[in-house]
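These notes concern the structure reproduced below.
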Amino acid sequence: MIEGKQKEKQDLMSALNTAPKDELLLTMLSNNERYRQRKMEEDPSYFVRLKENYPKVLMITCVDSRMIPHLLTRTPPGKMMLFRNIANIIAASDISIVSTLHYAIDLLDVKHIIIMGHSGCAGVITSTILSYHGVIDNYLFPVKKVYHENEAELSKLPKEAMYRRLQELNVREQVSNCIRLPVVQKAWNIGKELFIHGWFFEMETGKVMDLNITKSRKEDIDEIYDFRFGPEILGASPSWKLSKKSSILYH
């Protein structure tokens, strides 16, 4: 019986290994091998050094395949964390993004958080279309809220100009959402140096622009979102952290 199951598993693995692969995927793998060989020739210890992971920047941006932050800013691996979702939305109910912010701020001591939107954002454009799309309509409620709050301005603009303005306003809103999160406020309360930036990538020119809406202090938070932290919270350190020597998580 055991031998029969082992043979069945071997036959399955063989079938998977011989299954036809998409030409694009094969090209991607071969490109990786060429890249790996070139980097090792240029610098034999390059990949060994990548074990170290102490970035000072976390960028939150869109999943759009044309958005390549490391390439656009010529930032080498290990210098910038990256979190992506549709329309670069920061929601307090999104455990994934809140956990990422906690990891970046409390464990890696990231100094800069950049929310970067872009022109031609399909998520933002979809939020303005009233027809039903599916579950994404629920996800895009925060962008619809931005439109609703700025409708007096946006409704007067031509369609393309309205899209562009809404995409920028969405970045502004997500910066505000970010500083409302307890994990960010706690960092400021204990005296951490932390900057929340809003950037915008203009797809048609390749230019990345600073929207000059950087937040860096607790005073920028509206009172209703201003959390009060007791000494038992402010004095607590994370129960796990990064070893600077080994880059291994330990308790």
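The values are calculated or read from the model by the stated rules, or taken from the named source; none is laboratory data. Keep in mind that what you see is a predicted model, and the values were worked out from it rather than measured. Every residue, glycine as well, gets a Cβ built from its backbone with ideal geometry; the counts of neighbours run over all protein chains shown. The protein model used for the area step is the full one, side chains on, heavy atoms only, and it has no ligands, DNA or RNA in it. Shrake-Rupley method; radii C 1.70, N 1.55, O 1.52, S 1.80 Å.
Tabulated data for the structure shown
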quantity: Within the accessible area of the range 139-202 (1.4 Å probe), percent carbon and sulfur; calculated: 56
quantity: Area of residue 159 that stays accessible when all protein chains are in place (1.4 Å probe, Å², to 10); calculated: 130
quantity: Largest-first ordering by accessible area, 1.4 Å probe, given options 28, 162; calculated: 28, 162
quantity: Summed residue charge, Cβ within 15 Å of residue 87's Cβ, Lys/Arg positive, Asp/Glu negative; calculated: +2
quantity: Charge dipole (the range 171-219, unit charges on Cβ, about Cα centre) - positive-most of 206, 176, 188; calculated: 188
quantity: Local net charge near residue 169, Cβ-Cβ under 9 Å (Lys/Arg +1, Asp/Glu -1); calculated: -2
quantity: Across 111/218; 159/215; 51/215; 111/145; 186/207; 159/207, pairs whose alpha-carbon gap is larger than 27 Å; calculated: 159/215; 51/215; 111/145; 186/207
quantity: Rounded accessible area of residue 128 (nearest 10 Å², 1.4 Å probe); calculated: 40
